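This report refers to the structure that appears directly beneath it.
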Amino acid sequence: MKSPAWVWDELLLACSLVANNHWRELRETDTQVRELSELLRALPLHDAEARSAPKFRSTGSVSRKTTDLATNHPDYPGKPTRCGKLDRVMIAAFIERPSDLSKAAAAIRDGIASDRLSRVPEQPDEVTDDGVTTLEGRLLARWTLARERDPKLRRLKIAQARRLGQPLRCEVCTFDFGRSYGELGEGYIEVHHVLPLHISGPRKTELDDLAFLCSNCHRMCHRSRPGESWRTPAALRAEIREAVSTPPR
């Protein structure tokens, strides 16, 4: 049985290791390679059958992946090894946003070390419609979506708004479920983390970390595109203003 193809989260961790090593490959005997091999085998990304493959994320396979990432960097002076398209996308993303991706890798490591991430169930929207994960990675998207769907947090956020006399309407487009759907929509609103997990860190969620959004704006805040995988309500409002002011093609 062959090991499954590397996914974004695994490449994120491997590329973080290579970037911290000044974009040089790491040998199989390197302590960091052994540690990463153990971490990758612990990630809740592949099913039990895939993880049972004899060489699943072995030290040898991890070392080879660091070679692929290092030799396909634009500044590498020699001949690059053959690698997949996703490897090259990861390299480009790391070059463009080194701080963000390093923080995302650290958040995954922290989540696995504390066992919090392993306890989070899969979420329906952790992978986008076209099968591409966010730049943060599938695991951090899973963690964030699970926190946003925590019914207790949502109830507390709504109770806080009612206490302060604030309307339950979308903070981007001002849509109000109660006004549009009457009794059926009364009291309904979705919540969104204002900051991505790799910036806020895996800390306890505070009510001020959450914003009210309608379903459409919530989806757009999470929608990925090249170079971007997260939007605050303010950023989405700017997107709407730009779209409205741009003449149709």
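Here are some notes:
- Being under 27 Å from residue 196 (Cβ atoms) and surrounded by 19 or more Cβ atoms within 10 Å (Cβ to Cβ) is a condition met by no residue of region 118-125.
- Condition check for residue 231: free of Cβ contacts under 8 Å to residues at least 24 places away in the same chain, surrounded by fewer than 14 Cβ atoms within 10 Å (Cβ to Cβ) and not hydroxyl-bearing (Ser, Thr, Tyr): no
- The residue that is nearest to residue 42 (Cα to Cα), counting only those in region 58-76 that are of a type in the set (Ser, Thr, Tyr) and out of contact with any Phe, Trp or Tyr (no Cβ under 8 Å at 6 or more places or on another chain), is 58.
- Condition check for residue 92: open to solvent by 50 Å² or more (accessible area, probe 1.4 Å), within 23 Å of residue 136 (Cβ to Cβ) and assigned to a helix (DSSP H, G or I): yes
- As for region 173-196, it holds no residue that is modelled with pLDDT of 95 or more, in contact with a strand residue (DSSP E or B) (Cβ under 7 Å, 6 or more places away or on another chain) and open to solvent by 60 Å² or more (accessible area, probe 1.4 Å).
- Of the residues examined, residue 199 is one that is of a type in the set (A, V, I, L, M, F, W, C), closer than 27 Å to residue 151 by Cβ, in a helix (DSSP H, G or I) and open to solvent by 40 Å² or more (accessible area, probe 1.4 Å).
- Residue count for region 6-39 satisfying the condition of being open to solvent by 80 Å² or more (accessible area, probe 1.4 Å) and assigned to a loop (DSSP other than H, G, I, E, B): 5.
- The set of residues in region 41-66 being open to solvent by 70 Å² or more (accessible area, probe 1.4 Å) and part of a loop (DSSP other than H, G, I, E, B) consists of 47, 52, 54, 55.
- Look at (1) assigned to a helix (DSSP H, G or I); (2) surrounded by fewer than 17 Cβ atoms within 10 Å (Cβ to Cβ); (3) acidic (Asp, Glu); (4) over 17 Å from the mean Cα position of the chain (by Cα) and you find that residue 110 fails only one, number (4).
- For region 33-70, filtered to residues that are polar (S, T, N, Q) and out of contact with any helix residue (DSSP H, G or I) (no Cβ under 7 Å at 6 or more places or on another chain), the residue that is nearest to residue 114 (Cα to Cα) is 52.
- Remark: pairs (first residue in region 49-74, on the phi > 0 side of the Ramachandran plot; second residue part of a helix (DSSP H, G or I) and of a type in the set (Lys, Arg); Cβ separation under 6 Å; 6+ apart in sequence or on different chains) = 57/41.
- Residue match in region 170-181 (condition: polar (S, T, N, Q) and farther than 26 Å from residue 101 by Cβ): yes
The values are calculated or read from the model by the stated rules, or taken from the named source; none is laboratory data. From a predicted model like this one, the values you see are computed outputs, not experimental measurements. Note: ideal-geometry Cβ built from the backbone for every residue, glycine included; neighbour counts use all protein chains shown. Surface areas here come from the heavy atoms of the whole protein model, side chains and all, with no ligands, DNA or RNA. Shrake-Rupley method; radii C 1.70, N 1.55, O 1.52, S 1.80 Å.
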